[in-house]
Amino acid sequence: MGMTMTQKILAAHAGLDSVEAGQLIEADLDLVLGNDITSPVAIKEMEKMKVEGVFDKDKIALVPDHFVPNKDIKSAEHCKCVREFAKRNEITNYFEVGEMGIEHALLPEKGLTVAGDVIIGADSHTCTYGALGAFSTGVGSTDMAAGMATGKAWFKVPSALKFILTGKPSKWVSGKDVILHIIGMIGVDGALYKSLEFTGDGIRHLSMDDRFTIANMAIEAGAKNGIFPVDEAAAAYMKEHSVRPYKAYEADADAVYDEEFTIDLATLKSTVAFPHLPENTHTLDEIGDIAIDQVVIGSCTNGRLDDLRTAAEVLKGRHVANGMRCIIIPATQKIYMDAMEEGLLKIFIEAGAVVSTPTCGPCLGGYMGILAEGERCVSTTNRNFVGRMGHVNSEIYLASPAVAAASAVSGKISGPEEL
């Protein structure tokens, strides 16, 4: 029986010739990731284990990003815990204020994630790195602790859904619209503990930033991971950002999939997920007048340079609506610098938006854009659950950077072509 991409990677890291869906394996890890919320719990669990040090100081990444710069005493204490652990164990890849970014944008940029890797992270959006052809998945803090101590993790080998992408998306349709369309199709539990495996000639029309966005939100369909084949674009990205060797795996021709879906990217329209689930999707042409109070452009889903360029293209020469709060958060320091050198930040500020230091901030209701009762926000983040960005009676509409920027200008949910 043939294997999927994910199954081949897991078999190799378990030292097995083959694996099949449902099999329990122990696999070697290439990277263990934690942030300022999840790492302190893992560190305390490691202390209970009474282990001496970590399995490999070069294969652990600690990225305080959720409440950084610290918003209060508790968040400062969490970061202090992580900082001291990193220093005590001489962790190579510890990224503090001034060097940090949102973890899932930062690690590929730093060249720490490459094709063929097995990566766990105590954050559900660790599945982002599947864009590069890696198996990456979120775990709990206890599993993170075990991973830091032993360099190994237990997995149940996932079955897979195959998505064949064809055609070329139109001007304002991006990776965010693709993944929202998929989640709308199969539901938030449509891929529970499965691998989303993407293939087809349409992939060549998706930028790496598009692919990171799609892989990032695989978890919003319940998936264990999302993964793309390693093509010229992925190879070029890794060559630019990493000195690590990588291994590209391909699914066998007779690999078994639970279901297969074909999506013509040319037919997709700008898509918005209404409250309070990412599966509650509507295309722009189905939406009436919905007034909004705030727009957030950023997060591990859509805070990359392509996202900021798109937002700037929409906002250039325009101004956000009267009373509108438009908050733009570059995902890393490098993205911030590149956006500044390209003049994007000037466009944002002249349009009446504000630009924040890299942080997860409002995405999880942390800070830098919390919603009050009754307020509505169009956001490029990944979740719109009840109370996710503030008050339980606020509303979050998930959308692409193009739709978010256009909505900031019009004061209601809109696409760029409506301006």
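Quick one: which residue in 8, 71 is modelled with pLDDT under 95, at negative phi and either out of contact with any helix residue (DSSP H, G or I) (no Cβ under 6 Å at 6 or more places or on another chain) or open to solvent by less than 10 Å² (accessible area, probe 1.4 Å) (or both)?
Within the list 8, 71, the selection yields 71.
Which residue pairs have Cβ atoms closer than 7 Å, lie 6 or more positions apart in sequence or on different chains, and pair a first residue in the range 79-105 that is at positive phi and open to solvent by 30 Å² or more (accessible area, probe 1.4 Å) with a second residue that is in a helix (DSSP H, G or I) and at pLDDT below 95? Nothing qualifies. When restricted to residues that are out of contact with any Cys (no Cβ under 9 Å at 6 or more places or on another chain) and either closer than 19 Å to residue 95 by Cα or at pLDDT below 95 (or both), the range 299-315 contains 2. Remark: pairs (first residue in the range 184-213, at positive phi; second residue assigned to a strand (DSSP E or B) and open to solvent by 30 Å² or more (accessible area, probe 1.4 Å); Cβ separation under 6 Å; 6+ apart in sequence or on different chains) = 200/164; 200/166.
Is it true that some residue in the range 277-288 is within 27 Å of residue 190 (Cα to Cα), part of a helix (DSSP H, G or I) and open to solvent by 40 Å² or more (accessible area, probe 1.4 Å)? Looking through the range 277-288, at least one residue is within 27 Å of residue 190 (Cα to Cα), part of a helix (DSSP H, G or I) and open to solvent by 40 Å² or more (accessible area, probe 1.4 Å).
Considering the range 105-164, and only residues there that are more than 18 Å from residue 191 (Cβ to Cβ) and polar (S, T, N, Q), the residue that is nearest to the chain's Cα centre (by Cα) turns out to be 113.
Results for (1) within 25 Å of residue 127 (Cα to Cα); (2) in contact (Cβ under 8 Å) with a residue 24 or more places away in the chain, shown as yes or no for each residue.
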position	(1), (2)
306	yes, yes
342	no, yes
353	no, yes
363	yes, yes
379	yes, yes
393	no, no
419	no, yes
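Looking only at the range 96-126, residues that are closer than 24 Å to residue 302 by Cβ and in a strand (DSSP E or B) come to 4 in all. When we screen 318, 244 for residues that are farther than 18 Å from residue 216 by Cβ, in a loop (DSSP other than H, G, I, E, B), basic (Lys, Arg) and at pLDDT below 95, the only hit is 244. The residue of the range 354-382 that is most open to solvent (accessible area, probe 1.4 Å), among those that are in a loop (DSSP other than H, G, I, E, B), out of contact with any helix residue (DSSP H, G or I) (no Cβ under 7 Å at 6 or more places or on another chain) and within 23 Å of residue 291 (Cβ to Cβ), is 373.
A single member of 128, 113 is under 25 Å from residue 231 (Cβ atoms), touching a His at 6+ places or on another chain (Cβ under 7 Å) and open to solvent by less than 40 Å² (accessible area, probe 1.4 Å), and it is 128. Across the range 54-68, the qualifying residues are those that are open to solvent by less than 30 Å² (accessible area, probe 1.4 Å) and without any contact (Cβ under 8 Å) to a residue 40 or more places away in the chain, and the one among them that is farthest from residue 141 (Cα to Cα) is 64. Looking only at residues in the range 17-42 that are open to solvent by 10 Å² or more (accessible area, probe 1.4 Å) and part of a strand (DSSP E or B), the one that is farthest from residue 65 (Cα to Cα) is 24. Return yes or no: is residue 236 aliphatic (A, V, I, L, M), on the phi < 0 side of the Ramachandran plot and without any contact (Cβ under 8 Å) to a residue 12 or more places away in the chain? Taking the combined requirement at face value, the residue satisfies it.
Scanning the range 66-95 for residues that are touching a strand residue (DSSP E or B) at 6+ places or on another chain (Cβ under 9 Å), part of a loop (DSSP other than H, G, I, E, B) and under 25 Å from residue 150 (Cα atoms) gives 89, 91, 92, 95. Residues of the range 251-275 that are open to solvent by 60 Å² or more (accessible area, probe 1.4 Å), outside any strand (DSSP E or B) and out of contact with any Lys or Arg (no Cβ under 8 Å at 6 or more places or on another chain): 253, 254, 256, 267, 269.
The values are calculated or read from the model by the stated rules, or taken from the named source; none is laboratory data. Here the structure is a predicted model, which means the values were calculated and not measured. Ideal geometry is used to build each Cβ from the backbone, glycine not excepted, and the neighbour counts take in all protein chains shown. These area figures cover heavy atoms from the full protein model, side chains too; ligands, DNA and RNA do not enter into them. Shrake-Rupley method; radii C 1.70, N 1.55, O 1.52, S 1.80 Å.
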